[in-house]
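Since the structure comes first, as C-alpha coordinates, the remarks are kept for the end.
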Amino acid sequence: MGRDGRIMAVGGLMALMGIILAWALFSGAGQSGTTPGERGVRIAFPPDGAIIYAAALTVRGESAGADSFRVELLVDSADELRRIAGATVTTAAGDWSLELPHGYDGDPSEAIIRAVSLDGEREYSRALIALSPLSARPAGMVYTITRPVMGAEVGGDVVQLEGRASGVPDNVLVVTLRDDRSETIERTTVFLENPYYVDDIPFTVDLHTRGYTGPATITVAFGEAPDAPTEVIAVTVSAAAG
(Lines give C-alpha, C1' and ligand atoms only; values in the text may rest on other atoms or scores of the structure.)
Protein backbone atom coordinates (compact mmCIF):
# COMPACT_ATOMS: atom_id res chain seq x y z
CA MET A 1 0.00 0.00 0.00
CA GLY A 2 1.40 3.46 -0.89
CA ARG A 3 1.84 6.27 1.55
CA ASP A 4 -1.33 8.09 0.42
CA GLY A 5 -3.30 4.89 0.99
CA ARG A 6 -1.85 4.48 4.46
CA ILE A 7 -2.81 8.02 5.38
CA MET A 8 -6.32 7.58 3.96
CA ALA A 9 -6.68 4.41 6.04
CA VAL A 10 -6.16 6.34 9.25
CA GLY A 11 -8.43 9.19 8.17
CA GLY A 12 -11.42 7.71 9.99
CA LEU A 13 -9.48 7.44 13.23
CA MET A 14 -8.18 11.00 12.85
CA ALA A 15 -11.76 12.17 12.37
CA LEU A 16 -12.65 10.27 15.53
CA MET A 17 -9.89 12.12 17.39
CA GLY A 18 -11.31 15.44 16.17
CA ILE A 19 -14.65 14.50 17.72
CA ILE A 20 -12.96 13.50 20.98
CA LEU A 21 -11.01 16.74 21.27
CA ALA A 22 -14.05 18.86 20.40
CA TRP A 23 -16.01 17.02 23.09
CA ALA A 24 -13.24 17.71 25.59
CA LEU A 25 -13.25 21.44 24.86
CA PHE A 26 -17.04 21.59 25.07
CA SER A 27 -17.40 19.58 28.27
CA GLY A 28 -14.48 21.05 30.19
CA ALA A 29 -14.59 17.93 32.35
CA GLY A 30 -11.45 16.98 34.23
CA GLN A 31 -7.98 18.19 33.37
CA SER A 32 -6.32 17.55 30.04
CA GLY A 33 -3.07 15.63 29.87
CA THR A 34 -1.15 18.86 29.31
CA THR A 35 -2.30 20.67 32.45
CA PRO A 36 -1.57 19.70 36.07
CA GLY A 37 -4.78 18.71 37.80
CA GLU A 38 -5.76 18.54 41.44
CA ARG A 39 -2.82 17.73 43.75
CA GLY A 40 -0.51 18.52 40.83
CA VAL A 41 -1.06 15.17 39.10
CA ARG A 42 -0.42 15.45 35.37
CA ILE A 43 -0.60 12.83 32.62
CA ALA A 44 2.23 13.77 30.25
CA PHE A 45 2.06 10.75 27.92
CA PRO A 46 0.30 9.71 25.78
CA PRO A 47 -0.87 13.11 24.53
CA ASP A 48 -4.43 13.95 23.66
CA GLY A 49 -5.20 12.66 20.19
CA ALA A 50 -2.95 9.58 20.24
CA ILE A 51 -4.23 6.44 18.48
CA ILE A 52 -3.15 3.33 20.40
CA TYR A 53 -2.77 0.09 18.44
CA ALA A 54 -0.51 -1.81 20.84
CA ALA A 55 -2.02 -4.27 23.32
CA ALA A 56 -0.41 -2.35 26.18
CA LEU A 57 -0.25 1.32 27.00
CA THR A 58 2.62 3.20 28.63
CA VAL A 59 1.41 6.10 30.77
CA ARG A 60 3.75 8.56 32.43
CA GLY A 61 3.35 11.82 34.25
CA GLU A 62 4.20 13.96 37.22
CA SER A 63 2.81 14.38 40.71
CA ALA A 64 3.38 17.20 43.16
CA GLY A 65 1.75 15.34 46.05
CA ALA A 66 2.71 12.33 48.12
CA ASP A 67 -0.60 10.47 48.04
CA SER A 68 -1.08 7.30 46.03
CA PHE A 69 -3.61 7.37 43.20
CA ARG A 70 -4.94 5.16 40.43
CA VAL A 71 -4.57 5.38 36.67
CA GLU A 72 -7.48 3.94 34.69
CA LEU A 73 -8.16 3.27 31.03
CA LEU A 74 -11.82 3.67 30.06
CA VAL A 75 -13.31 2.84 26.67
CA ASP A 76 -16.56 4.12 25.22
CA SER A 77 -18.73 1.02 24.85
CA ALA A 78 -22.40 1.34 23.86
CA ASP A 79 -22.39 4.98 25.01
CA GLU A 80 -21.04 3.96 28.41
CA LEU A 81 -17.52 4.22 29.77
CA ARG A 82 -16.11 0.81 30.66
CA ARG A 83 -12.87 0.38 32.58
CA ILE A 84 -10.59 -2.13 30.83
CA ALA A 85 -7.30 -1.57 32.69
CA GLY A 86 -5.95 0.13 35.78
CA ALA A 87 -3.00 0.32 38.16
CA THR A 88 -2.05 2.11 41.37
CA VAL A 89 0.76 4.65 41.50
CA THR A 90 2.43 4.53 44.90
CA THR A 91 4.89 7.38 44.63
CA ALA A 92 5.92 10.51 46.41
CA ALA A 93 6.19 13.78 44.50
CA GLY A 94 7.98 13.42 41.20
CA ASP A 95 7.84 11.55 37.91
CA TRP A 96 5.90 8.31 37.57
CA SER A 97 5.43 5.75 34.82
CA LEU A 98 3.50 2.52 34.38
CA GLU A 99 2.37 0.04 31.76
CA LEU A 100 -1.28 -0.88 31.34
CA PRO A 101 -1.86 -4.12 29.40
CA HIS A 102 -5.38 -3.86 28.00
CA GLY A 103 -5.73 -6.25 25.06
CA TYR A 104 -8.47 -4.18 23.45
CA ASP A 105 -9.70 -5.87 20.24
CA GLY A 106 -12.97 -4.09 19.50
CA ASP A 107 -13.78 -1.48 16.90
CA PRO A 108 -11.84 1.82 16.94
CA SER A 109 -13.24 3.73 19.87
CA GLU A 110 -12.86 6.80 22.02
CA ALA A 111 -10.99 6.18 25.25
CA ILE A 112 -9.98 8.12 28.35
CA ILE A 113 -6.91 7.73 30.52
CA ARG A 114 -7.51 9.30 33.89
CA ALA A 115 -5.72 9.68 37.18
CA VAL A 116 -8.12 9.39 40.11
CA SER A 117 -8.09 9.08 43.87
CA LEU A 118 -7.93 5.56 45.26
CA ASP A 119 -11.64 5.63 46.02
CA GLY A 120 -12.41 6.86 42.50
CA GLU A 121 -14.28 9.91 43.76
CA ARG A 122 -11.85 12.58 42.53
CA GLU A 123 -10.38 12.92 39.06
CA TYR A 124 -6.98 14.59 38.98
CA SER A 125 -6.05 14.51 35.28
CA ARG A 126 -7.09 12.92 31.99
CA ALA A 127 -5.95 12.33 28.43
CA LEU A 128 -8.28 11.68 25.49
CA ILE A 129 -7.13 9.04 23.00
CA ALA A 130 -8.45 6.38 20.62
CA LEU A 131 -8.01 2.61 20.90
CA SER A 132 -7.86 0.38 17.85
CA PRO A 133 -6.80 -3.25 17.39
CA LEU A 134 -3.42 -3.80 15.73
CA SER A 135 -5.18 -5.61 12.88
CA ALA A 136 -6.75 -2.27 11.85
CA ARG A 137 -3.39 -0.49 11.60
CA PRO A 138 -2.11 0.26 8.08
CA ALA A 139 1.08 -1.66 7.26
CA GLY A 140 4.49 -0.01 7.44
CA MET A 141 5.31 3.57 8.37
CA VAL A 142 2.40 5.98 8.63
CA TYR A 143 2.88 9.73 8.89
CA THR A 144 1.34 13.06 8.02
CA ILE A 145 2.06 16.75 8.56
CA THR A 146 -1.00 18.64 9.75
CA ARG A 147 0.48 22.13 10.18
CA PRO A 148 1.61 24.25 8.41
CA VAL A 149 -0.10 23.44 5.15
CA MET A 150 1.57 23.93 1.80
CA GLY A 151 1.79 27.63 0.90
CA ALA A 152 0.93 28.91 4.39
CA GLU A 153 2.24 32.17 5.81
CA VAL A 154 4.01 31.46 9.11
CA GLY A 155 6.33 33.15 11.57
CA GLY A 156 7.80 35.34 12.96
CA ASP A 157 10.40 34.10 15.53
CA VAL A 158 9.24 30.48 15.70
CA VAL A 159 7.51 28.27 13.13
CA GLN A 160 5.57 25.46 14.76
CA LEU A 161 5.37 22.16 12.89
CA GLU A 162 2.67 19.67 13.88
CA GLY A 163 2.07 16.15 12.67
CA ARG A 164 1.51 12.50 13.50
CA ALA A 165 3.71 9.46 13.03
CA SER A 166 3.74 5.71 13.55
CA GLY A 167 6.40 3.12 12.82
CA VAL A 168 9.25 5.59 12.23
CA PRO A 169 12.68 3.86 12.44
CA ASP A 170 14.25 4.49 15.85
CA ASN A 171 11.48 7.06 16.48
CA VAL A 172 13.66 9.78 14.94
CA LEU A 173 12.65 12.76 12.79
CA VAL A 174 15.09 15.18 11.16
CA VAL A 175 13.48 18.57 10.49
CA THR A 176 15.19 21.31 8.45
CA LEU A 177 14.07 24.87 7.79
CA ARG A 178 15.73 26.41 4.69
CA ASP A 179 15.61 29.87 3.11
CA ASP A 180 14.92 30.73 -0.54
CA ARG A 181 18.55 29.91 -1.46
CA SER A 182 18.30 26.46 0.19
CA GLU A 183 20.59 27.60 3.00
CA THR A 184 19.83 25.95 6.33
CA ILE A 185 18.24 28.25 8.92
CA GLU A 186 17.72 25.52 11.51
CA ARG A 187 18.08 21.75 11.56
CA THR A 188 16.89 19.69 14.50
CA THR A 189 16.68 16.01 15.36
CA VAL A 190 13.48 15.04 17.14
CA PHE A 191 13.10 11.88 19.19
CA LEU A 192 9.49 10.74 19.19
CA GLU A 193 8.04 9.11 22.29
CA ASN A 194 6.43 5.95 20.94
CA PRO A 195 7.46 2.97 23.11
CA TYR A 196 5.81 0.30 20.94
CA TYR A 197 6.47 2.02 17.58
CA VAL A 198 3.06 1.02 16.18
CA ASP A 199 0.98 3.69 17.91
CA ASP A 200 0.03 6.87 16.05
CA ILE A 201 1.40 9.74 18.15
CA PRO A 202 1.02 13.51 17.59
CA PHE A 203 4.22 15.58 17.67
CA THR A 204 5.15 19.26 17.69
CA VAL A 205 8.47 20.82 16.62
CA ASP A 206 9.49 24.48 17.10
CA LEU A 207 11.75 25.90 14.39
CA HIS A 208 13.50 29.23 15.02
CA THR A 209 13.57 31.56 12.04
CA ARG A 210 16.59 33.55 13.34
CA GLY A 211 15.33 36.79 11.84
CA TYR A 212 14.71 35.41 8.35
CA THR A 213 11.64 36.46 6.38
CA GLY A 214 10.52 35.37 2.93
CA PRO A 215 9.96 32.11 1.05
CA ALA A 216 11.17 28.99 2.90
CA THR A 217 10.83 25.23 2.96
CA ILE A 218 10.42 22.80 5.83
CA THR A 219 11.77 19.31 5.14
CA VAL A 220 10.79 16.48 7.46
CA ALA A 221 12.74 13.22 7.16
CA PHE A 222 11.07 10.27 8.85
CA GLY A 223 14.22 8.49 10.00
CA GLU A 224 17.94 9.17 9.61
CA ALA A 225 18.69 6.83 6.71
CA PRO A 226 19.71 8.50 3.41
CA ASP A 227 16.62 7.06 1.74
CA ALA A 228 14.21 7.96 4.57
CA PRO A 229 10.84 9.22 3.29
CA THR A 230 10.48 12.99 3.43
CA GLU A 231 7.83 15.66 3.34
CA VAL A 232 8.63 19.15 2.00
CA ILE A 233 6.32 22.05 2.84
CA ALA A 234 6.78 25.41 1.11
CA VAL A 235 5.86 28.38 3.32
CA THR A 236 6.39 32.12 3.61
CA VAL A 237 7.94 33.39 6.84
CA SER A 238 6.49 36.73 7.89
CA ALA A 239 8.07 39.33 10.12
CA ALA A 240 7.90 38.82 13.87
CA ALA A 241 5.15 40.72 15.66
CA GLY A 242 6.30 43.98 17.22
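Tabulated data
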item	result
Subset of the range 48-95 that is surrounded by fewer than 16 Cβ atoms within 10 Å (Cβ to Cβ) and of a type in the set (S, T, N, Q) - its residue that is nearest to Y143 (Cα to Cα)	S77
G106 out of contact with any His (no Cβ under 7 Å at 6 or more places or on another chain), touching a residue at least 60 places away in the same chain (Cβ under 8 Å) and surrounded by fewer than 18 Cβ atoms within 10 Å (Cβ to Cβ)	no
Filter result (surrounded by fewer than 20 Cβ atoms within 10 Å (Cβ to Cβ) and over 18 Å from the mean Cα position of the chain (by Cα)) within the range 192-211	H208, R210, G211
Identity of the residue in the range 24-47, hydroxyl-bearing (S, T, Y) and surrounded by fewer than 16 Cβ atoms within 10 Å (Cβ to Cβ), that ends up modelled with the highest pLDDT	T35
Test: A165 is surrounded by fewer than 12 Cβ atoms within 10 Å (Cβ to Cβ) and under 20 Å from the mean Cα position of the chain (by Cα)	no
Contacts under 9 angstrom Cβ, first residue in the range 197-220 being touching a residue at least 24 places away in the same chain (Cβ under 8 Å) and in the same structural domain as T58 (by TED's automatic domain parsing), partner among the acidic types (D, E) and assigned to a strand (DSSP E or B), 6 or more apart	none
Test for Y143: is it more than 30 Å from A216 (Cβ to Cβ), among the hydroxyl-bearing types (S, T, Y) and touching a strand residue (DSSP E or B) at 6+ places or on another chain (Cβ under 6 Å)	no
Matching residues, the range 225-240, being assigned to a strand (DSSP E or B), touching a Phe, Trp or Tyr at 6+ places or on another chain (Cβ under 9 Å) and not hydroxyl-bearing (S, T, Y)	E231, V237
Conditions (1) closer than 20 Å to F45 by Cβ; (2) at pLDDT below 95; (3) of a type in the set (D, E, K, R); number of the one not met by D157	(1)
Pair list, Cβ < 6 Å and 6+ apart or interchain, from the range 74-89 residues that are assigned by TED's automatic domain parsing to the domain that holds R60 and within 15 Å of I52 (Cβ to Cβ) to residues that are part of a strand (DSSP E or B) and among the acidic types (D, E)	D76/E110
Any pair with Cβ under 9 angstrom, 6 or more apart, that starts in the range 41-67 at a residue that is within 18 Å of G163 (Cβ to Cβ) and outside the structural domain of T146 (by TED's automatic domain parsing) and ends at one that is assigned to a strand (DSSP E or B) and aromatic (F, W, Y)	P47/F203
Selection status of G86, within 18 Å of Y196 (Cβ to Cβ) and over 19 Å from the mean Cα position of the chain (by Cα)	no
Given (1) in a strand (DSSP E or B); (2) at pLDDT below 85, number of the condition L21 does not satisfy	(1)
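The values are calculated or read from the model by the stated rules, or taken from the named source; none is laboratory data. Note that this is a predicted model, so its numbers are computed, not measured. Using ideal geometry, Cβ is built from the backbone for each residue, glycine included, and neighbour counts are taken over all protein chains shown.
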